[in-house]
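Please read the structure below before turning to the comments.
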Amino acid sequence: MALNAPVLVLKDSLKRESGTKVHHANIQAAKAVADIIRTTLGPRSMLKMLLDASGGIVVTNDGNAILREIDIAHPAAKSMIELSRTQDEEVGDGTTSVIVLAGEMLHVAEAFIDKHYHPTVICRAYTKALEDALAVLDKIAMHVDVNDRAAMLGLVKSSIGTKFTGQFGDLIADLAIDATTTAGVDLGQGMREVDIKKYIKVEKVPGGQLEDSRVLKGVMFNKDVVAPGKMRRKIVNPRIILLDCPVEYKKGENQTNAELMKEEDWQVLLEMEEEYIKNLCAQILKFKPDLVVTEKGLSDLAIHYLSKAGVSAIRRLRKTDNNRIAKACGAVIVNRPEELQESDVGTRAGLFEVKKIGDEFFTFIVDCKDPKACTVLLRGASKDVLNEVERNLQDAMSVARNILKNPKLLPGGGATELTVSAALKQKSSSVEGVEKWPYEAAALAFEAIPRTLAQNCGLNVIRIMTQLQGKHANGENAWVGIDGRSGDIVDMKERKIWDSYSVKAQTFKTAIEAACMLLRIDDIVSGIKKKQAPGASAPKQPQIEQEGDADNEQMIPE
């Protein structure tokens, strides 16, 4: 038998790419993803229109929203998309920048891969660059007073300035700050936690104008009272009781058969049911509520008793909405009516009212004293507009939340990235050995953000970038950047273009870590299919490496 007979390890149908080929493919894929959303960075950004599977249209320039909708085949590109998702969940803003930055990091790494640098060398340099970059951020960050409304407004505005609602000026920023300051909870030690998802509800009602949007000092939901004719629809200073149990006769858990001997027993059974409900209602009415809200059902009889006592009732409310009402009016959600106490009744609401907006009835529980939950009511011309406004509002609220959590600011408009870049360039001369070059490249990669900003303004990119680099060269004027609207080179302090520290730090971390991860992939084995599709061609013979070319793929540079 011949010595070098091919040994088949992998199945025929498997496709295996390894070495430099994979790196190039991954870098290409990552760059492709970055190019998709590159034009959505900055105030002069373009919108993307996406058709999803069900034929709906999404018009947006929120990096995360775009990438969510796109179907992507390449595995490396998929992990890029994960990035923007992480960014969105973690800090809520900077979804576009993170992708652009990661794409650029990989792009500058490509040259080194061509020169047969080992990926770990590049990764090491990148990690070093990341540490130094974060140190620079700490140095130029400035503290902001959370109670200083004007500063907060400027901050939130620069986050939304890049979005579709930027044209409405302070409107969305105001909404966001109102909502987050309302729902904030003090954890002590000057930390504030704001749970946007749980306690800030965004209710979109088509119709009206965007200017009619407002933050309610309380909650609203899409429900009407149970018996519209009989129950009051407007109560001032209502006493509210929240239940999460059904106010109706309990059926047995499993099928129960009752055998009745006498006709009268049937009557007795019915009377027992009625008695049961009457007791329930009596227990509730003992506390003289004006409004009873339950997450489950209310039987007709219960409705009768309640309306007779002049109590309005709402049934089948979502659990999340019920929690919000509890937070807003200070009630406690009670599981069994028999356990009601006076302290469970919510009295902090100023007004309960059912209004008709458009063609639906909405219940408002508003004018609460010191509410801990709120609803943002958005009005707008069309569904698409509303969806986009909601996305922008989410971003704005996240920014406001980040500042409440960590009140530190960085300059926007690409100034931060330029400062970091300049600092890293200076530092790179002291980096020893082979890692010096990738380290320098990482420094250059940070310039992708201001460069993209300049591109999206339609400026002469080279000239602007040279000017900016000159201004930042020796580490002073850390606050000079591009004003994305006019394209002038200005001091960000004067123009009030800010970014929140947590967003920037997270962007850098996510981007560099992802770039390292993608660089470290040197083998892609695909085609782990269960069956071959009918009509597919027979699998090609796998390529077999002879021992000669096993290790000439990557040389570690001396």
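The values are calculated or read from the model by the stated rules, or taken from the named source; none is laboratory data. Quick caveat, the model's predicted, so the values are computed rather than measured. Using ideal geometry, Cβ is built from the backbone for each residue, glycine included, and neighbour counts are taken over all protein chains shown. The area values use the complete protein model at the heavy-atom level, side chains included, leaving out ligands, DNA and RNA. Shrake-Rupley method; radii C 1.70, N 1.55, O 1.52, S 1.80 Å.
Quick check: from the Cα gyration tensor, does segment 357-420 come out rounded (a/c under 1.5), prolate or oblate?
oblate
If you take the beta carbon distance between ASP52 and ARG485 as r and set R0 to 30 Å, what does 1/(1 + (r/R0)^6) give as a FRET efficiency, to the nearest 0.05?
Numbers: r = 32 Å, r/R0 = 1.05.
It comes out at approximately 0.45.
Compute the FRET efficiency between GLU17 and GLU82 as 1/(1 + (r/R0)^6), taking r as their Cβ-Cβ distance and R0 = 25 Å, and round to the nearest 0.05.
Efficiency for this residue pair is about 0.70.
Please get the size of the charge dipole for segment 234-337, origin at its Cα centre, with Cβ charges of +1 on Lys and Arg and -1 on Asp and Glu, quoted in debye to the nearest 20.
Here the size comes out at about 980 debye.
Could you sort the peptides 512-523, 403-414 by per-residue average Cβ neighbour count (10 Å cutoff), highest mean leading?
The most tightly packed comes first, giving 403-414, 512-523.
Quick check for me: using +1 on Lys/Arg Cβ and -1 on Asp/Glu Cβ, what's the dipole size of segment 1-149 about its Cα centre, in debye to the nearest 20?
It works out to roughly 620 debye.
Can you give the relative contact order of segment 415-490 as a percent, counting alpha carbon pairs under 8 Å and 6+ residues apart?
RCO, segment 415-490: 38 percent.
Rounding to the nearest 20 debye, state how big the charge dipole of the chain is about its Cα centre with +1 on each Lys and Arg Cβ and -1 on each Asp and Glu Cβ.
1080 debye
Normalising by the residue count of segment 322-418, find the relative contact order in percent from Cα pairs under 8 Å and 6+ residues apart. Numbers along the way, then the final one.
Values: 84 pairs, mean separation 19.5, N = 97.
This gives 20 percent for segment 322-418.
So, by mean Cβ neighbours within 10 angstrom, what's the order for 263-270, 230-237, 290-297, 83-90 with the highest one leading?
Working: 263-270: 10.6, 230-237: 15.0, 290-297: 21.6, 83-90: 20.1.
Per-residue Cβ counts within 10 Å, averaged per peptide and sorted highest first, yield 290-297, 83-90, 230-237, 263-270.
From the cross-link list LYS278/LYS356; LYS198/LYS308; LYS21/LYS509; LYS204/LYS408; LYS157/LYS372, which pairs have alpha carbons spaced over 29 Å apart?
Beyond 29 Å: LYS278/LYS356; LYS198/LYS308; LYS204/LYS408.
Could you point to the residue in ILE303, PRO289, ASN237 farthest towards the positive end of segment 234-348's charge dipole, with +1 and -1 charges on the Cβ of Lys/Arg and Asp/Glu respectively?
Result: ASN237, furthest along the dipole toward the positive end.
Can you tell which of THR60, ALA109, ALA30 lies farthest toward the positive end of the dipole of segment 1-140, using +1 and -1 charges on the Cβ of basic and acidic side chains (Lys, Arg; Asp, Glu)?
Projecting each Cα onto the dipole axis, the largest value belongs to ALA109.
Take ASP62, ASP384 and sort them by solvent-accessible surface of the protein heavy atoms, 1.4 Å probe, largest at the top.
These residues rank, largest area first, as ASP384, ASP62.
Could you sort 272-285, 128-141, 215-228 so that the peptide with the highest average Cβ count within 10 Å comes first and the rest follow in order?
Per-residue mean Cβ counts within 10 Å order the peptides as 215-228, 128-141, 272-285.
Among SER526, PHE361, GLY487, whose Cα projects farthest towards the positive end of the dipole of the chain, with charges put on the beta-carbon of Lys, Arg (+1) and Asp, Glu (-1)?
PHE361
With a point put 7 Å past each Cα toward its Cβ, work out how far ASP35 is from LYS115 in nm, to one decimal.
The two pseudo-label positions are separated by 2.5 nm.
For HIS143 and GLU275, what is the calculated FRET efficiency with R₀ set at 45 Å and r taken between the beta-carbons, to the nearest 0.05?
Numbers: r = 65 Å, r/R0 = 1.44.
E between HIS143 and GLU275, to the nearest 0.05, is 0.10.
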